[in-house]
Amino acid sequence: MIMADSGSSEEVAVIGNTDLTSTESENNIINTMVEKGTALLRKLEINVAEAEKRTGKNTVNMQETYTVYLIEIRPAETVPEGGTPAAPDTLWRRYSEFELLRTYLLVTYPYVIVPPLPEKRAEFVWHKLSADNLDPDFVERRRVGLENFLLRVASHPVLSNDKLFYLFLTEEKGWREAVLETGFQDKADSRLKSLSAMFRVKNPDKRFTALKHYSDELNTVISQLLRVRARVADRLYGVYKVHGNYGRVFSEWSAIEKEMGDGLQSAGHHMDTYAASIDDILEEEEHYADELKEYLFYTDAVRSVCRKHELIQYELEMAAQDLAHKKQQKEELATGTVRIFSLKGMTSKLFGQESQEQRESRLAALEQSIREGEETVKEKNAECQEFVRTAWEDIERFKEQKDKDLREALIGYAIMQISMCKKGIQVWSNAKECFNKM
């Protein structure tokens, strides 16, 4: 399900060489769907270089410990051979500032699937991994995730042109105030209003209904993958620790054996080396898990676009319904017939009909109201059509990006697992040779 949406006729990817060096493996972990063609990435190189733990007082004057991240940007120019690259411009940002930036982008560009931030607290972790959000390993993974977020935004054809995003990268002071001055928080529709629209839209767009189901299914599948991966990591940890026990047993045994001592010690060395490699392997596993989590969080961004469309569709239907009601009032007033029970009709029967002047005055007011209503419906219809057009362009772009990223991540994960199995076979082959020499 995850990789079947592009509809392209690409050949099925074939897993080739599974003996990766550490550099090649690291390169496989990095997402490659960063479009260098955007104007911003042609001009700037963007990095989140490091994280630093700080202590200070929060808004309620209480002491707190938090993490800040160093953003570096430098001109994306070719450095001549032997030359020195330009020193980067740097500034520090807290995670909460990244959250404010993303919220601003969500409100300002409702038709865009805004890239997600890395998790604030660790989820889907295997039991040996710390869930503390100040844990150094977790902070490092979040640093990588925040850099990926900035690159995703900078590679987006629409978001990369936002002035406040550029200020986020270049102006440490005054940025928050500049964002709040836009009044984007006032434009944000309340969650209750969005939910109300979802349940009251009479003619939902089938494409967005299907997109919502697609998002839910993607969320379910990735959640299952992450749970399975966590269980696999637990079992893998156990297997490697068993080999560590073998290594200790063989080493201690070699100390009391004369003829078999050298063979046992060599076998124990192979087991110890294999067991010691578990930390690097599990760290690589977490990188692959973070790539899956990014798309787990992407599903919320997809649903956000669907909710925005439902709200626009609801407003269009309400405007059309109001216009139809006014036209019916005009017809009733012009013909003097009332199709349905109304307080106005009952009043006319009790107190007599309106004068000709009153009727003409009301008729003129209704005609003016109808013209305004027709203009409103026309505007809402145009807004809805434009939203569908721009949103669908971004949805197609997202699906293409998702197919490529997840294909590479899952193939990379499979290669890593095959490589680990080969190492296990090699360890036992080496141990067998040691035993045969006894």
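Okay, here's what the table says:
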read-out	value
Inter-probe distance in nm under a simple model that places probes 7 Å from Cα toward Cβ, at Glu50 and Val232	3.5
Most to least packed among 406-415, 305-314 [average Cβ atoms within 10 Å]	305-314, 406-415
Candidate lysines - alpha carbon under 19 Å from Lys173, same-chain residues fewer than 8 apart omitted	Lys57, Lys163
Extended-chain gain in nm, criterion 0.36 nm per residue less alpha-carbon gap, Glu172 and Asn436	88.4 nm
Peptides ranked, highest mean first, by Cβ atoms within 10 Å: ranges 105-116, 162-173, 362-373	105-116, 162-173, 362-373
Ser361 paired with Thr90, simple spin-label distance in nm, labels 7 Å along Cα-to-beta-carbon	7.5
Low-density loop cleavage sites - chymotrypsin sites (Phe, Trp or Tyr not before Pro) in region 216-303, where at most 12 other Cβ are within 10 Å (DSSP)	none
Spin-label model distance (nm) - Gln385 vs Ser369, 7 Å beyond Cα toward Cβ	2.8
Whichever lysines have a C-alpha closer than 17 Å to that of Lys399, once near sequence neighbours (fewer than 8 apart) are set aside	Lys212, Lys293
Amide hydrogen neighbours beyond the local backbone of Thr182, cut-off 5 Å, H modeled	none
Rounded to whole Hz, the Karplus (6.51, -1.76, 1.60) HN-Hα couplings of region 273-285, x for glycine and proline	4, 5, 5, 6, 7, 5, 5, 5, 5, 5, 5, 5, 4
Whole-Hz ³J(HN,Hα) from phi, Karplus 6.51 cos²θ - 1.76 cosθ + 1.60, for region 287-301, glycine and proline x	5, 5, 4, 5, 5, 5, 5, 4, 7, 4, 6, 4, 4, 5, 5
Residues with amide H under 5 Å from that of Glu45, placed H, sequence gap 5 or more	Arg74, Ala76
Segments 388-400, 146-158 sorted - mean Cβ within 10 Å per residue, highest first	146-158, 388-400
Gain in span if fully extended, Asp262 to Val239, counting 0.36 nm per residue against the direct Cα distance	5.8 nm
For region 357-365, Karplus couplings with θ = phi - 60° (6.51, -1.76, 1.60), whole Hz, Gly/Pro x	5, 4, 5, 5, 5, 5, 5, 5, 5
Potential lengthening between Ile418 and Asp280 on full extension [0.36 nm per residue; Cα-Cα distance subtracted]	48.1 nm
Loop trypsin sites (Lys or Arg not before Pro), region 194-273, which have at most 10 other Cβ atoms in a 10 Å radius of their Cβ (DSSP)	Lys202, Lys258
Student exercise, region 206-438 dipole from Lys, Arg, Asp, Glu Cβ charges, in Debye to nearest 20	860
Distant-in-sequence amide H partners of Leu91 (H built 1.01 Å from N, under 5 Å)	Ile71
Under 25 Å from Lys423, Cα to Cα: lysines that are on another chain or at least 8 residues apart	Lys128, Lys241, Lys432, Lys437
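Read-outs: derived from the displayed coordinates by stated rules, not from any lab. On a predicted model such as this, the values are computed, not experimentally measured, just so you know. Don't worry about glycine lacking a Cβ; one is built from the backbone with ideal geometry, like all the others, and counts go over all protein chains shown.
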